[in-house]
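**Student:** Once you've had a glance at the structure underneath, I'll fire off some questions.
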Amino acid sequence: MTYIPGISQGYTATDQSAKAAAKTATDTGDKKADNKKQTLGQDDFLTLLVAQLQNQDPLNPSDPAEFTAQLANYSQLEQLFNLNDSMDKLAESRNNSERLSALSMIGKEVLVEGSSFQLGEGTTEIGYKVDGTASAIQFHIQDSTGQRVATLNATELTTGTHSLTWQGVDENGEHLPAGKYSIVIESQSSAEGETVGVSPLVRADVTGVDLGDGGSVLITDVGEFSMTDIHGVYEANSSESGLKNDGQPTDTENSEENVSGATDGAGIVGEAASTVQTVQDAADTVNGG
């Protein structure tokens, strides 16, 4: 028999009969469902409480204070279950909101961390994030065959997010054809013996959205990315980079809203999931007690 805190352990012959009847009913029930249900729910708690009152010893009735404490435990348990249901609905609502946000990105450009990008007509904006202070950073541009076609030297070497512009020409100044290219980064630290992490940030066109159970995945012309991978959202073919040389967002209203929207959306979903987990842990603790 599962132990409920505060329920008296003294049983009379009537109690034993009630236990036997309960066991018979359980054995004839759905065993598969019983195996899945390893903890007591609020209905089980109330059933046991009523059974105790019905089968208590008339000469030694339950203590009113103890009964009141049991009712308080039941009330707290019910509130936790109701709160858990509410948080589940909130998380589902946030998930639906994230899906709608992802769908609205189709046809736009996103700034993501990656080494592949599409070269179109004209210049191409390349972003990079520096973790530390470097003495030199070089970007080696490779074509689809892996052959190096150009080398760029970064001018901003401090910690933060920066950008540079590639004119789409090779080392001889010849314009390269449109297509898919990749970036290989070499960096040198200003301190001897230390390494500096540098991550490339590229702009990609969103062509579709995969609405899976694990979250929305953006399908772009350079690969697939989750919503949390997005560093910025821009209108298609926009020349606005969203970054200054010092790595801060530009003062344009659109850039601030786009970057904030991508970041806040991921944070809200993460907070909702964390809150749901906390409530579930609390409910498990009450049940286990």
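**Student:** Which condition does Glu78 not pass, out of (1) within 32 Å of the chain's Cα centre (by Cα); (2) of a type in the set (Asp, Glu); (3) at pLDDT 75 or above, if it passes all the others?
**Tutor:** Going through (1) within 32 Å of the chain's Cα centre (by Cα); (2) of a type in the set (Asp, Glu); (3) at pLDDT 75 or above one by one, Glu78 breaks only (3).
**Student:** Continuing with this model, one more query. For the range 184-196, check the following and say yes or no: at least one residue is closer than 27 Å to Met105 by Cα, touching a Phe, Trp or Tyr at 6+ places or on another chain (Cβ under 8 Å) and either crowded, with 16+ Cβ neighbours inside 10 Å or touching a residue at least 40 places away in the same chain (Cβ under 8 Å) (or both).
**Tutor:** Checking the range 184-196: not a single residue is closer than 27 Å to Met105 by Cα, touching a Phe, Trp or Tyr at 6+ places or on another chain (Cβ under 8 Å) and either crowded, with 16+ Cβ neighbours inside 10 Å or touching a residue at least 40 places away in the same chain (Cβ under 8 Å) (or both).
**Student:** A further question on this structure: State whether the residues of the range 129-136 include one that is modelled with pLDDT of 90 or more and surrounded by 12 or more Cβ atoms within 10 Å (Cβ to Cβ).
**Tutor:** yes
**Student:** On to the next question. With the range 92-183 as the region, which strands (runs of 3 or more DSSP E) entirely inside it contain at least 3 residues that are not polar (S, T, N, Q)?
**Tutor:** Where strands (runs of 3 or more DSSP E) fall fully within the range 92-183 and carry at least 3 residues being not polar (S, T, N, Q), they are 109-113, 124-131, 134-142, 148-153, 160-166.
**Student:** Anything in the range 32-70 that is under 25 Å from Leu80 (Cα atoms), modelled with pLDDT of 75 or more and touching a Gly at 6+ places or on another chain (Cβ under 8 Å)? List them, or say none.
**Tutor:** Glu66, Ala69 - these are the residues of the range 32-70 that are under 25 Å from Leu80 (Cα atoms), modelled with pLDDT of 75 or more and touching a Gly at 6+ places or on another chain (Cβ under 8 Å).
Condition check ((1) of a type in the set (A, V, I, L, M); (2) part of a loop (DSSP other than H, G, I, E, B); (3) within 27 Å of Thr151 (Cβ to Cβ)) across all residues:
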position: Glu186; (1), (2), (3): no, no, yes
position: Glu194; (1), (2), (3): no, yes, yes
position: Val202; (1), (2), (3): yes, no, yes
position: Thr207; (1), (2), (3): no, no, no
position: Leu211; (1), (2), (3): yes, no, no
position: Glu224; (1), (2), (3): no, no, no
position: Thr228; (1), (2), (3): no, no, no
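**Student:** May I ask you to list the residues in the range 218-228 that are surrounded by fewer than 17 Cβ atoms within 10 Å (Cβ to Cβ), within 15 Å of Lys108 (Cα to Cα) and either touching a residue at least 24 places away in the same chain (Cβ under 8 Å) or in contact with a Pro (Cβ under 6 Å, 6 or more places away or on another chain) (or both)?
**Tutor:** If the condition is that a residue be surrounded by fewer than 17 Cβ atoms within 10 Å (Cβ to Cβ), within 15 Å of Lys108 (Cα to Cα) and either touching a residue at least 24 places away in the same chain (Cβ under 8 Å) or in contact with a Pro (Cβ under 6 Å, 6 or more places away or on another chain) (or both), then Asp221, Gly223 are the ones that fit.
**Student:** Six or more apart or on different chains, Cβ atoms under 8 Å: show the pairs whose first residue is in the range 169-180 and in the same structural domain as Asp143 (by TED's automatic domain parsing) and whose second is of a type in the set (Ser, Thr, Tyr).
**Tutor:** Pairs found: Glu171/Thr151; Gly179/Ser144; Lys180/Ser116; Lys180/Ser144.
The values are calculated or read from the model by the stated rules, or taken from the named source; none is laboratory data. Because the structure is a prediction, the values reported are computed rather than measured. Positions of Cβ are generated from backbone atoms using ideal geometry, with glycine treated the same way; all protein chains shown enter the neighbour counts.
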